[in-house]
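Rule-based calculations on the coordinates, nothing more; no lab input. Note that the structure is a prediction, hence the values are computed from the model and not measured. No Cβ is skipped: glycine too gets one built from the backbone with ideal geometry, and neighbour counts run over all protein chains shown.
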Amino acid sequence: MKKLERMTKKGAEAGLSCLLSICTDTEQKAADRIAAAKVLIDFGRKAEAAEDGALRVVLEGVPKEFLS
């Protein structure tokens, strides 16, 4: 079971890294960057609910109209 847990963790880390790359890549379409940011925010909220302090996502330089 440990191997599956390690694989799952690595996959989650890779997915989060990919989403973060999309968010910070100014060459990406705004809609794609916003979609990636929303997924990261939702993931962060779920992680906080399950285990306080599990993940914090900080988005800098994102126009306010994209965050509402």
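So, by mean Cβ neighbours within 10 angstrom, what's the order for 9-16, 22-29 with the highest one leading?
Numbers: 9-16: 11.2, 22-29: 12.8.
So the order, starting with the most tightly packed, is 22-29, 9-16.
Please tell me which of these pairs span more than 23 angstrom C-alpha to C-alpha: 3/38; 10/46; 10/64? Let's see the in-between values first.
Values: 3/38 30 Å; 10/46 19 Å; 10/64 32 Å.
Cα-Cα > 23 Å for 3/38; 10/64; rest within.
Estimate the FRET efficiency between residue 45 and residue 12 by the formula 1/(1 + (r/R0)^6), using the beta-carbon distance for r and 22 Å for R0, to the nearest 0.05. Working shown, then result.
On the way: r = 16 Å, r/R0 = 0.70.
That gives a FRET efficiency of 0.90.
Which order do the peptides 32-40, 57-65 take when ranked by the mean count of other beta-carbon atoms within 10 Å per residue, highest first? All intermediate terms of the calculation are to be shown ahead of the outcome.
On the way: 32-40: 17.1, 57-65: 9.2.
Put in order of decreasing packing, that is 32-40, 57-65.
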